[in-house]
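A short worksheet on the structure shown next.
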Amino acid sequence: MKLHIKTYGCQMNVYDSERMADVLAPLGFVLVDDADEADMVILNTCHIREKAAEKVYSELGRLGRLKERRKDGGGGLILAVAGCVAQAEGAEILSRAPYVDMVFGPQAYHRLPEMMARVGQGRVLDTEFPEVPKFDRLPRDRDPGTAAAFLTVQEGCDKFCTFCVVPYTRGAEYSRPVADVHDEARRLAGRGVREITLLGQNVNRYHGEASVRGGDWGLGRLIRELAGIEGLERIRYTTSYPADMDDDLIAAHRDVPQLMPYLHLPVQSGSDRVLAAMNRRHGADDYRRLVDRLRAARPDLALASDFIVGFPGETDGDFRETLRLVEDIGFCQAYSFKYSPRPGTPAADSGDQVEDSVKDERLRDLQDLLGAQQLDFNVRCVGRIMPTLLDRRGRRPGQLVGRSPYMQAIHVEGPDDLLGTIADLEIIAGLNNSLAGAPAGEPAGATLS
Ligand code: 5AD
Ligand code: SF4
């Protein structure tokens, strides 16, 4: 049986999709790249903005037609919708897309074998939050087949930012026990993984129980422990909530060489008024001070962030505060979005919605500034030697792609045996979204595309 999983949204969904494939493998499912070849298609969906959710319905329409054609030819196709749209709109999906067989939320993946057994008997809807955390029932041994892997350590969110669906779709905060995380990381390193990114919606709120040495461990302590794993050369974590950066985690950036000098720390806005309306538990100056402390611990730390423009009630003055914050900090990379009202979240009902044309204009201005900062950061890397984890092949023959310590994509022409290793590359060009490198010590120029 052939399985195709299409993943939308965040890295946590990428991790979850891999785990669904792990759960289905013992039932005889092999992953394929093309939905048209598959016996079963899972859409692992994202509900964070309206556009993301709408994409799912249009893809479902296409797959529904594929299923019809199969039926006409005497074949079949199992269609499943997973992830956050499934969690939030389960019943609606079943009524809007009558050809969908299964709808299940992010807390139900470990129940996939039971659900599969029920498919023939009717449509399946599972959006329960379980009493036993799913991680306890997911297989722990897996081979990601790459040198960089994700590892979910925390899930859910109790912050309730007024724009955000996550607390509703992913539920309350939960941290996996230290021993489980350590075990999974050790097995990954044993399979050739050199870099692990610890994932959580609020990963720096991690507070895992440690049964052997006791107590409740924060993320800083967890990172120190993982840094002792043989073969594990790089550690990252994403994504973090500014008010949850504690002293120990900041100190880990100073003390742990495996912890990469890059941090995604979403700020959302530079206006205290907007931040308060968003129910963020930090002001703009708190963020500036936090970045100062982080940079004191790790002077070359590169910062990335998320921004929302056009939050209800945002004035031109508020938006200028955001631009000012961006200028003060200097980001290496960032994601910025127009505010998208999400049903069921408090801000969606605000009477102060900002006009779309204003959102467009602000987004353009913000992205111009952030794009210029990113290009500047990339150009300043030219001439440096960077240890690069080469973990995939590029589009062109002979091209490899990797990540710098600062998360920049680096393209290089090099021999295949560099794949899966950390190679020293000389940076020969800084582009908008990537760098070009050459194996250090070789004449530069030849690899520039
Ligand atoms: N509208 C626009 N952007 C949003 N985000 C979350 N919810 C919304 C929304 N309703 C953005 C935030 C968050 C990122 C994952 O998505 O910037 O950090
Ligand atoms: Fe959403 Fe805020 Fe929680 Fe992040 S911290 S997941 S933005 S509610």
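Ranked by the mean number of other Cβ atoms within 10 Å of their residues, highest first, the peptides 165-175, 49-59 fall in the order 165-175, 49-59. Over the residues of the chain, the helix contribution to mean residue ellipticity at 222 nm works out to -10500 deg cm²/dmol, using -39500 (n - 2.57) for each DSSP H run of at least 4. Each of 309, 47, 340 was placed along the dipole of the chain (beta-carbon charges, centred on the mean Cα), and the one lying farthest toward the positive end is 47. At the residue level, residue 209 shows approximately 130 square angstrom of accessible surface with a 1.4 angstrom probe and all protein chains present. Distant-in-sequence amide contacts of residue 399, defined by a placed amide H-H separation under 5 Å and a gap of 5 or more residues or a different chain, comprise 394. Highest GNM mean-square fluctuation among 214, 156, 344, for the chain modelled with Cα contacts below 10 Å: 214.
Amide H to amide H, with H built 1.01 Å from N, residue 333 comes under 5 Å of 305, counting only residues 5 or more places away or on other chains. Exceedance of the 30 Å cut-off in Cα-Cα distance is limited, within the set 134/159; 159/338; 6/71; 71/338; 2/338, to 71/338; 2/338. Computed from phi, the 3J(HN,Hα) profile of segment 73-79 under the Karplus parametrisation 6.51, -1.76, 1.60 (θ = phi - 60°) reads x, x, x, x, 8, 8, 10 Hz, with x in place of Gly and Pro.
Geometric descriptor of the chain, per residue, is 157 Å³ (volume of the convex hull of the Cα atoms).
Converting the Cα gyration tensor eigenvalues of segment 125-240 into ellipsoid dimensions via √(5λ) gives semi-axes, longest first, of 24, 16, 15 Å.
Relative protection proxy for 399-406, 89-96, 4-11, from highest mean packing down: 399-406, 4-11, 89-96 (other beta-carbon atoms within 10 angstrom). A dipole drawn for segment 1-141 from +1 and -1 charges on Cβ atoms has a positive end, and of 31, 11, 85 the residue lying farthest that way is 85.
Between residue 33 and residue 121, the simple label model (points 7 Å from Cα in the Cβ direction) yields a spacing of 3.9 nm. Comparing 407, 56, 199 along the charge dipole axis of the chain, the residue lying farthest to the positive side is 56, per the Cβ-charge model.
Each peptide in 144-151, 106-113 receives the mean, over its residues, of other Cβ atoms within 10 Å, and ordering these scores from highest gives 106-113, 144-151. Here's how it looks for residue 143: its modeled amide H is under 5 Å from none belonging to a residue 5 or more places away or on a different chain.
The label point for residue 243 and the one for residue 21, both projected 7 Å from the Cα toward the Cβ, are 3.8 nm apart.
3J(HN,Hα) couplings calculated from phi for segment 311-319 with the Karplus curve 6.51 cos²θ - 1.76 cosθ + 1.60 (θ = phi - 60°) are, in sequence order, 4, x, x, 5, 9, 4, x, 4, 5 Hz; Gly and Pro show x. Each Lys and Arg Cβ is given +1 and each Asp and Glu Cβ -1; about its Cα centre, the chain then shows a dipole of about 580 debye.
As a fraction of the 1.4 Å probe accessible area of the chain, surface on carbon and sulfur atoms comes out at 49 percent.
Note on the chain: with a GNM built from Cα contacts shorter than 10 Å, the maximum mean-square fluctuation among 69, 187, 342 falls on 69.
Once the gyration tensor of the Cα atoms in segment 385-439 is diagonalised, the equivalent ellipsoid follows with semi-axes of 15, 12, 10 Å, ordered largest first.
The values are calculated or read from the model by the stated rules, or taken from the named source; none is laboratory data. Keep in mind the model is a prediction, meaning the values are calculated, not measured. Here Cβ is always computed from backbone atoms with ideal geometry, including for glycine, and neighbour counts include all displayed protein chains. Note: areas computed on protein heavy atoms with side chains; ligands, DNA, RNA excluded. Shrake-Rupley method; radii C 1.70, N 1.55, O 1.52, S 1.80 Å.
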